[in-house]
Amino acid sequence: MTNDVVGSTGPLVLGIESSCDETGVGIVRGNTLLANEVASSVDQHVRFGGVVPEVASRAHLEAMVPTLERACAAADVDLSELDGIAVTAGPGLMGALVVGLSSAKALASYLGKALYGVNHLVGHVAVDLLDHGDLPTPCVALLVSGGHTQLLLVGDIATDITEIGSTIDDAAGEAYDKVARLLDLSYPGGPIIDRLAAEGDPKAIRFPRGLTARHDLERHRFDFSFSGLKTAVARWVETERRDGREVPVADVCASFQEAVCDVLTAKTVDAALEHGVKHVLIGGGVAANSRLRSLLEERTASAGLQLRRPRPGLCTDNGAMIAAVGTQVIKAGLRPSSMDIGANSGLPVSTVLV
Ligand code: KG4
Ligand code: ZN
């Protein structure tokens with residue numbers, strides 16, 4: 001299905017994202033991506049080894065208007081034609097969310113347009129419609145980002161999302177970032193480990209697969225745990241260093257990545273089969289991971305499931321994914337948000353629209 005066919009019509013929505021360290025503004029018409037501009041403050045966080053909320057908020061404030069201007073120029077649409085302005089209302093960093101929300105309110109109020117405060121996590125799922133057309137429903141979505149790791153049953157992207165499993169400790173992206181730090185690699189660790197792993201042996205070290213033992217599966221069949229894995233990697237590396245051996249970084253990266261991707265893909269396929277669902281979708285920053293993408297492709301194909309994967313560039317935080325949720329809630333006929341909505345740093349994934 002091409003976007004030209006599915007997306008030549010539909011609501012015209014501008015989306016604003018500011019939940020973490022990316023200031024994103026996207027413009028979407030129906031299922032067609034018209035603009036996707038992102039300004040990242042990641043360079044300002046590198047020396048701290050993680051996102052510093054105060055620094056992120058200030059960076060959003062500086063980047064918001066220029067990013068908005070770039071998106072408008074790229075889309076070449078008249079903002080008076082917008083059917084709505086969608087903005088991330090949560091979850092995320094409070095001070096960061098507030099910048100996007102205030103900007104969206106100001107713009108909506110100035111233009112006299114409807115405001116839609118939407119869920120960031122739902123954006124990671126919805127974004128695939130910009131690449132492959134209307135979402136197949138029902139589907140099981142694996143959402144893997146820096147702050148979240150969840151398995152979702154999606155009946156309708158605008159109104160019916162149920163969490164069927166989640167991490168009980170670290171998120172997958174967080175595990176990548178922490179392991180990168182203990183290997184003295186830079187931040188964010190995901191893309192670096194992904195690259196280094198390609199030169200390593202995934203079978204070099206057998207790291208633990210969290211919550212896959214029989215007794216764990218009874219209570220946590222669709223849940224994840226990555227903190228034991230991170231500790232196992234830390235201990236292994238410590239031992240090598242203490243004994244004066246050179247740490248085989250590429251092998252550690254490949255073996256760690258294999259442990260993460262093995263569990264993520266096995267549980268996703270199991271969830272789809274258990275719920276009698278034929279379609280699987282992935283989203284979130286870690287969905288850009290090359291091994292996760294290939295292993296999930298293999299395993300869904302052997303289980304007779306259809307897989308949808310947004311292009312890697314749309315997996316990490318951006319404004320287009322927020323605009324995509326906006327088109328879906330408008331199509332579903334949902335009422336716009338009130339102008340006095342606040343940011344909700346802990347917004348549950350089942351709340352698509354605030
Ligand atoms: O979705 P996202 O951009 O932001 C959040 O909502 O958290 O995800 C960021 C996370 C970071 O932890 C980063 O290390 C990870 O996604 N990530 C990756 C890759 N690209 C980004 N993890 C593994 N492999 C990648 N290629
Ligand atoms: Zn995200």
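For this structure, a couple of remarks:
- 3 or more residues touching a residue at least 12 places away in the same chain (Cβ under 8 Å): qualifying helices (runs of 4 or more DSSP H) within the stretch 151-251: 172-182, 189-197, 227-242
- Of all residues in the stretch 124-150 being part of a helix (DSSP H, G or I) and away from ligand 2 (no atom under 16 Å from the Cβ), the one that is farthest from the chain's Cα centre (by Cα): HIS132
- Scanning the stretch 171-198 for residues that are near ligand 1 (Cβ under 8 Å from one of its atoms), under 13 Å from PHE226 (Cβ atoms) and open to solvent by 30 Å² or more (accessible area, probe 1.4 Å) yields a total of 2.
- The stretch 106-123, residues that are out of contact with any Pro (no Cβ under 8 Å at 6 or more places or on another chain) and either within 22 Å of PRO348 (Cα to Cα) or within 16 Å of ligand 2 (Cβ to nearest atom) (or both): GLY117, VAL118, VAL122, GLY123
- Checking each residue in the stretch 70-80 for being in a helix (DSSP H, G or I) and in contact with a strand residue (DSSP E or B) (Cβ under 9 Å, 6 or more places away or on another chain) picks out ARG70, ALA71, CYS72, ALA73, ALA74, ALA75, LEU79.
- Top-ranked residue in the stretch 42-64 [being farther than 19 Å from LEU101 by Cα and not aliphatic (A, V, I, L, M); ranked as most open to solvent (accessible area, probe 1.4 Å)]: ARG47
- Top-ranked residue in the stretch 251-292 [being farther than 21 Å from ASP169 by Cβ and surrounded by fewer than 18 Cβ atoms within 10 Å (Cβ to Cβ); ranked as nearest to the chain's Cα centre (by Cα)]: SER290
- In the stretch 293-328, of all residues being aliphatic (A, V, I, L, M) and more than 14 Å from the chain's Cα centre (by Cα), the one that is nearest to THR159 (Cα to Cα) corresponds to ALA323.
- Reported count of residues in the stretch 135-164, each being farther than 15 Å from GLN328 by Cα and of a type in the set (Val, Ile, Thr), is 5.
- Selection from the stretch 301-322 of residues that are open to solvent by less than 30 Å² (accessible area, probe 1.4 Å), within 16 Å of ligand 1 (Cβ to nearest atom) and not β-branched (Val, Ile, Thr): PRO310, LEU314, CYS315, ASP317, ASN318, GLY319, ALA320, MET321
- All positions within the stretch 65-90 that are touching a Ser or Thr at 6+ places or on another chain (Cβ under 9 Å) and either at pLDDT below 95 or open to solvent by less than 10 Å² (accessible area, probe 1.4 Å) (or both): THR67, GLY84, ALA86, VAL87, THR88, ALA89, GLY90
- If you filter the stretch 133-170 down to residues that are open to solvent by 20 Å² or more (accessible area, probe 1.4 Å), within 15 Å of ligand 1 (Cβ to nearest atom) and in contact with a strand residue (DSSP E or B) (Cβ under 6 Å, 6 or more places away or on another chain), you find that the one that is farthest from ALA272 (Cα to Cα) is THR167.
- For first residues located in the stretch 100-127 and more than 13 Å from GLY90 (Cβ to Cβ) and within 14 Å of ligand 1 (Cβ to nearest atom), partners that are assigned to a helix (DSSP H, G or I) and among the polar types (S, T, N, Q) and lie 6+ apart or on another chain with Cβ distances below 8 Å form the pairs ALA126/GLN328.
- The number of residues in the stretch 100-119 being buried (at least 24 other Cβ atoms within 10 Å of the Cβ) and in contact with a His (Cβ under 9 Å, 6 or more places away or on another chain) comes to 1.
The values are calculated or read from the model by the stated rules, or taken from the named source; none is laboratory data. These numbers were taken from a predicted model, which means no experiment stands behind them. Using ideal geometry, Cβ is built from the backbone for each residue, glycine included, and neighbour counts are taken over all protein chains shown. Remember, those area values only see protein heavy atoms, side chains included, never the ligands or the DNA or RNA. Shrake-Rupley method; radii C 1.70, N 1.55, O 1.52, S 1.80 Å.
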